[in-house]
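Note sheet for the following structure.
The values are calculated or read from the model by the stated rules, or taken from the named source; none is laboratory data. Note that the structure is a prediction, hence the values are computed from the model and not measured. With ideal geometry, Cβ positions are generated from the backbone for all residues, glycine too; neighbour counts draw on all protein chains shown.
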């Protein structure tokens, strides 16, 4: 299979790189300064103005809703394989995806509405989301149960005439802290007596519905991630029209699998982009800091650490990973299916699915093709010397002012 970029992807990639250089990187400081100023004034949940200023520019540049394939409502949408390199570029700056209306959880929610909602729900909720008029949240996890096993979900969704009544508590509801969040997709239990994976359903709930209460923001290591936020949300006798049910009762797991496939690819690609930029910054810093009479980049322990980091990134950016991404996008899920479709050994497929932990790369090198060989065999100094030839590293040096 040919994994070279198509002319369409090459053109869009160049336009996206140019937009990042002109509008995103120069405004990183302003983004975080706005959040700090809002926090100092007592309300960190105010959306930043810089994001709203850049959205029209991204749309005018044709860099809008790139994540949604095969939808007449988003003709600019790309396939997962085409979108992967765009996602990688956006991931270099954590807030960048929102500028292009390509940020989670909105992307997953828009995909869910496009694939599983009625036309009336699409008109009411999907179209404004595609235009970037408001934001959304996905509510599944609950404080009382281990929600990584979604069969444990206890939130009840009960039919009452032409309505459903929702009672339960959700938390780690990403995006629910944003004042622009207008709609939730909620997973809950409609039939406790059904087969294990047919008890759950998904339903659309306006965030302003009576009985919905955002209880508090949750933090990780003291960070609340404002103005996005990960919230605890109560549902007390919340009523919504029966027509808000997605696909039908008992089909929550079916929807969840359709939603998770692309979402995981998006997150992984963004993280690869962020890791690549981190490596560039590491190289820049080591070339411009001196310790014990010579640049840090000449210290062998630094070279070894950069090599280990670069080794994993090289594996993640390999054609094998792209092959697996493409197969996942077609619907195959198990290691056996991936092996059969990709022609790769099971050990290599398992590595990819485990996000290529360094221990896996070292322990299974006999199964890894040449593209995965350690950079150590080519000389780790090549990593540092890439500053002299790599456009990304040169740009990072320029952006950091040789710091």
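What to note about this one:
- Count of residues meeting criterion [over 16 Å from residue 281 (Cβ atoms), surrounded by 18 or more Cβ atoms within 10 Å (Cβ to Cβ) and at pLDDT 85 or above] in region 298-314: 2
- In the set (1) at pLDDT below 95; (2) surrounded by fewer than 18 Cβ atoms within 10 Å (Cβ to Cβ), residue 270 fails one condition alone, (2).
- The residues on offer are 92, 115, 131, and the sole one that is touching a residue at least 40 places away in the same chain (Cβ under 8 Å) and under 23 Å from residue 203 (Cα atoms) is 115.
- Among the numbered conditions (1) farther than 29 Å from residue 31 by Cβ; (2) part of a strand (DSSP E or B); (3) more than 22 Å from the chain's Cα centre (by Cα), the only one that residue 186 does not meet is (3).
- Filtering region 82-95 to residues that are assigned to a helix (DSSP H, G or I) and more than 20 Å from residue 257 (Cα to Cα) leaves 82, 85, 86, 87, 88, 89, 90.
- Enumeration of residues in region 69-89 that are touching a residue at least 60 places away in the same chain (Cβ under 8 Å) and crowded, with 16+ Cβ neighbours inside 10 Å: 78, 80, 81, 82, 83, 84, 85, 86, 87, 88, 89
One line per residue, one yes/no per condition, for (1) buried (at least 16 other Cβ atoms within 10 Å of the Cβ); (2) within 16 Å of residue 94 (Cα to Cα):
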{"position": "14", "(1), (2)": "no, no"}
{"position": "24", "(1), (2)": "yes, yes"}
{"position": "27", "(1), (2)": "yes, yes"}
{"position": "32", "(1), (2)": "no, yes"}
{"position": "39", "(1), (2)": "no, no"}
{"position": "44", "(1), (2)": "yes, no"}
{"position": "50", "(1), (2)": "yes, yes"}
{"position": "53", "(1), (2)": "no, no"}
{"position": "56", "(1), (2)": "no, no"}
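- No other residue among 111, 98, 53 is out of contact with any strand residue (DSSP E or B) (no Cβ under 6 Å at 6 or more places or on another chain), farther than 30 Å from residue 29 by Cα and assigned to a helix (DSSP H, G or I) apart from 111.
Residues checked against (1) more than 23 Å from residue 116 (Cβ to Cβ); (2) over 23 Å from the mean Cα position of the chain (by Cα):
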| residue | (1), (2) |
| --- | --- |
| 198 | no, yes |
| 211 | yes, yes |
| 216 | yes, yes |
| 229 | yes, no |
| 233 | no, no |
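- Whichever residue in region 58-68 is in a helix (DSSP H, G or I) and within 22 Å of the chain's Cα centre (by Cα) and, among such residues, is surrounded by the fewest Cβ atoms within 10 Å (Cβ to Cβ): 59
- Meets criteria (loosely packed, with under 14 Cβ neighbours inside 10 Å and touching a strand residue (DSSP E or B) at 6+ places or on another chain (Cβ under 8 Å)) for residue 163: no
- The set of residues from region 114-131 being surrounded by 22 or more Cβ atoms within 10 Å (Cβ to Cβ) and out of contact with any strand residue (DSSP E or B) (no Cβ under 9 Å at 6 or more places or on another chain) comprises just one member, 126.
- Residue check for residue 273: in a helix (DSSP H, G or I) and farther than 16 Å from residue 141 by Cα: yes
- Pick from region 34-50, criterion in a helix (DSSP H, G or I) and touching a helix residue (DSSP H, G or I) at 6+ places or on another chain (Cβ under 9 Å), ranking: nearest to residue 180 (Cα to Cα): 49
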